[in-house]
2 protein chains.
Amino acid sequence: MATIRDVAREAGVSIATVSRVFNQTALVTEATAQHVRAVAARMDYWPNSAARSLITHRTHAIGVLLPDLYGEFFSEVIRGIDLAARREKYQVLVSSSRASAETIVAAVRALRGRIDGLIVMAPDADATTAIREFATRFPVVLLNPGSMGEDCSAISIANFEGAYAAVKHLVGLGHRRIAMLTGPSGNLDAEERRGGYRRALADAGLEHDPALELAGDFDESAGFHAAADLMKLRPRPTAVFSANDYMAIGLIGALRNADVRVPQDVAIVGFDDIAIAQYLNPALTTVRVDACELGERALQRLMPFARARRPAEPHRELLPTSLVVRGSCGTPQAEGAARHAFRPRHRTSGAAHHTTEHAANGHDGPAAG
Amino acid sequence: MATIRDVAREAGVSIATVSRVFNQTALVTEATAQHVRAVAARMDYWPNSAARSLITHRTHAIGVLLPDLYGEFFSEVIRGIDLAARREKYQVLVSSSRASAETIVAAVRALRGRIDGLIVMAPDADATTAIREFATRFPVVLLNPGSMGEDCSAISIANFEGAYAAVKHLVGLGHRRIAMLTGPSGNLDAEERRGGYRRALADAGLEHDPALELAGDFDESAGFHAAADLMKLRPRPTAVFSANDYMAIGLIGALRNADVRVPQDVAIVGFDDIAIAQYLNPALTTVRVDACELGERALQRLMPFARARRPAEPHRELLPTSLVVRGSCGTPQAEGAARHAFRPRHRTSGAAHHTTEHAANGHDGPAAG
DNA sequence: TTGTAAGCGTTATCAG
DNA sequence: CTGATAACGCTTACAA
């Protein structure tokens, strides 16, 4: 591999000149510049990034730290990050780690010196404390819920608002006894979604019944097994808000086995709008989260600090969600007419459905608090 | 950030000794080693990877080059790579590029000097030529079909064998008129799957009818629109093998709209076993591809060459596929009893279904040719 | 506008 | 077993 010396010698100039040509710094005569470029191209020369970053203290790479098993949601986030990074001419280093604080620290250490900034996705409350300390010394953006009032930069999903809108929609359809399938305790997204559920019930003047909150863990099997508990409730709920789509899918499956009709007997709403949602039968009404955009925003937020090599300023941003109404929640008018014609999805546009966006201060959401 | 000099001074040893402690090279007295480690820990020192790789010519990172829009399949591949890389204490640099040879070269150039090896996923035939040349000078593993006889290292999916098994299964169920929804022309996976289809028909003594091959492009909408053409065929096919799951989904949706029953009127088999497949109603019979394992294998294959910094030896490996029989293809005995009870999936184990593996030389597959 | 030379933080090669 | 010291390939004052 040719080095800057080889090119300099071959082109009959000094290495400084070659360096200047490649960095568009200090004016170089267009003639020499062209000559140098030609020689470099012929020799297939490209600056060694290690040597470069040794002296500039910049790697032109950002790290992405994810939870261990990343599914559909996280891969979309990465895609968004990658998209934005490409525009910035930055590389993306992905790394996964178990959520425990210990392994997160190890992962960060392994990344040290290789990246100019870091995006961390850690949905658990305890795992983020280690990161926060690190964030005071290094450019970090958290993709985390519940970061308000903290002195770090974080982008989170409008979980509360999304859940509120979903439950409000069910109330609007006439439901009065609405159960919720909650997420794992300690998961902040899950907590916020429960908060939105409770608030929507309260605002509708419905009293809070703890028995209606069924414990879940975001896994399909949790939804599957919750069905039995659900059917035991008296009076039986007429609607269920599930903290995520996977559990809603498990629930629908179990209900089908039990010959309970969705949405006629029980209306169901999920959260996330994973790709599967629109293909279920009935198609799942759910709260859409644009994971790709989440990733893009995170990178854009991080970039200036990564470039400046200084910790990100405290900041909190909320990614809006939107309610996607499909068949699983039924309609107020015609209970029996829940069958919707299937439409193929188009890559560029959204799916065929009614959608309502819920921003941080959306007019449809609850008052801030 | 403390450097090796700071640690050496503080510990009262030379920088060479500190270096040795961190590299477990040349014996160092356990006493001094411990002392140095203690001082380093206290100063929060960690070797600068840029400086290190400048002299060792090793980055301890491998690059992954993917197609532009990566979906479910590719994210699973990345996960497999990440999993294996973590075991090897290697970092993963992801980078996407359009399939065109031009942008692939640009992407490779941007990665140069940052990685010890490269994994490339490019399903199109023409895009890989640029890479092949690069692979003669640098450790590269291709995740590509149709690489036989080429002088590079490649792992591919048993497309032919999987398709053969799928169609053979339909034949076994009694189907004699079996259509196929093909993938985009130029896509090698798609070509191989069509090859398996044709061979299975031939081996069953069924004559090849070109009208039965419906053109598709791997998108759901292609499946959706193919339904109309399918219904026009006389006599109407009783089964359809779709080159991927997405198209099968579109097809099922269109058939439902047309009140054609699956599997009673038309049996359907897909390819890939994407996560959605098991939740469809009826659940989709499909050919399972373990994308995660594909990624793991690629990394394992690449590692020794990346470590040795020399081009990978020519090699071809086939990732076996397996037929996953679910509701959409029906059963020979009871046509009406196609309704299967829903079972929640467990993360660690496979879904509840019958499965048959088809390796490169599986006894269920066709003779090599 | 161009060249010279001093590092950047390591590892590797020698002596000791 | 340990310590000087020369690379590694580049950027960047400072000189010319």
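Any residue in the range A:66-81 that is at pLDDT below 90 and assigned to a strand (DSSP E or B)? Before you say what the answer is, go through the steps one by one.
Let us first name the residues in the range A:66-81 that are at pLDDT below 90, namely A:66-76.
Those left that are additionally assigned to a strand (DSSP E or B): A:66.
Yes, the range A:66-81 contains a residue that is at pLDDT below 90 and assigned to a strand (DSSP E or B).
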Is at least one residue of the range B:275-288 among the basic types (Lys, Arg) and under 22 Å from residue B:243 (Cβ atoms)? yes
Can you pull out every residue in the range B:168-203 that is in contact (Cβ under 8 Å) with a residue 60 or more places away in the chain and of a type in the set (Lys, Arg)? B:168, B:176, B:177, B:193, B:199
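Residue A:18: part of a loop (DSSP other than H, G, I, E, B) and within 11 Å of DNA strand C (Cβ to nearest atom), yes or no?
Details: part of a loop (DSSP other than H, G, I, E, B): no; within 11 Å of DNA strand C (Cβ to nearest atom): yes.
Judged against the criteria, residue A:18 is not a match.
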Only one of B:58, B:86 is farther than 24 Å from residue A:87 by Cα, in contact (Cβ under 8 Å) with a residue 40 or more places away in the chain and of a type outside the set (Asp, Glu); which? B:58
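Pick out the one residue from A:49, A:19, A:14 that is under 28 Å from residue B:93 (Cα atoms), away from every other protein chain (no Cβ under 11 Å) and among the hydroxyl-bearing types (Ser, Thr, Tyr).
Details: A:49 fails: away from every other protein chain (no Cβ under 11 Å); A:14 fails: under 28 Å from residue B:93 (Cα atoms).
Just one listed residue meets the conditions, A:19.
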Go through the range A:22-45 and count every residue that is near DNA strand D (Cβ under 9 Å from one of its atoms) and surrounded by 15 or more Cβ atoms within 10 Å (Cβ to Cβ). 2
Among (1) free of Cβ contacts under 8 Å to residues at least 60 places away in the same chain; (2) in contact with a helix residue (DSSP H, G or I) (Cβ under 6 Å, 6 or more places away or on another chain); (3) of a type in the set (Asp, Glu) - the single one residue B:272 does not satisfy: (1)
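Hey, among B:76, B:102, B:72, which residue is surrounded by 22 or more Cβ atoms within 10 Å (Cβ to Cβ), under 29 Å from residue B:219 (Cβ atoms) and either more than 10 Å from every other protein chain (Cβ to nearest Cβ) or touching an Asp or Glu at 6+ places or on another chain (Cβ under 9 Å) (or both)?
On the way: B:102 fails: surrounded by 22 or more Cβ atoms within 10 Å (Cβ to Cβ); B:72 fails: surrounded by 22 or more Cβ atoms within 10 Å (Cβ to Cβ).
Going through B:76, B:102, B:72 in turn, the sole match is B:76.
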Can you pull out every residue in the range B:27-53 that is more than 19 Å from residue A:54 (Cβ to Cβ), within 42 Å of the chain's Cα centre (by Cα) and in a loop (DSSP other than H, G, I, E, B)? B:44
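Here is a yes/no grid of residues against (1) more than 13 Å from residue A:94 (Cα to Cα); (2) not aliphatic (A, V, I, L, M):
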residue	(1), (2)
B:83	no, no
B:90	no, yes
B:102	yes, yes
B:109	yes, yes
Checklist (1) more than 13 Å from DNA strand C (Cβ to nearest atom); (2) surrounded by 18 or more Cβ atoms within 10 Å (Cβ to Cβ); (3) not in a helix (DSSP H, G or I) applied to residue A:1, failing item: (2)
Which listed residue is closer than 27 Å to residue A:47 by Cβ, small (Gly, Ala, Ser), within 12 Å of another protein chain (Cβ to nearest Cβ) and part of a loop (DSSP other than H, G, I, E, B), from B:113, B:63: B:113
Between a first residue in the range B:127-138 that is of a type in the set (D, E, K, R) and a second residue that is buried (at least 21 other Cβ atoms within 10 Å of the Cβ), which pairs have beta carbons less than 7 Å apart while being 6 or more apart in sequence or on different chains? B:132/B:152
When you look at residue A:56, is it within 9 Å of DNA strand C (Cβ to nearest atom), within 24 Å of residue A:140 (Cβ to Cβ) and not basic (Lys, Arg), yes or no? yes
Answer yes if at least one residue in the range A:23-35 is within 14 Å of another protein chain (Cβ to nearest Cβ), more than 8 Å from DNA strand C (Cβ to nearest atom) and free of Cβ contacts under 8 Å to residues at least 24 places away in the same chain, and no otherwise. no
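Can you tell me how many residues within the range B:162-196 are of a type outside the set (D, E, K, R) and part of a helix (DSSP H, G or I)? Don't jump to the end; show me each part of the working.
Pass one, the range B:162-196, residues of a type outside the set (D, E, K, R): B:162-167, B:169-175, B:178-188, B:190, B:195-196.
Filter again for part of a helix (DSSP H, G or I), leaving B:162-167, B:169-172, B:188, B:190, B:195-196.
Qualifying residue count, the range B:162-196: 14.
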Taking the residues in the range B:11-21 that are crowded, with 16+ Cβ neighbours inside 10 Å and over 23 Å from residue A:54 (Cα atoms) as candidates, determine which candidate is nearest to DNA strand D (Cβ to nearest atom). B:13
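The values are calculated or read from the model by the stated rules, or taken from the named source; none is laboratory data. Keep in mind that what you see is a predicted model, and the values were worked out from it rather than measured. Don't worry about glycine lacking a Cβ; one is built from the backbone with ideal geometry, like all the others, and counts go over all protein chains shown.
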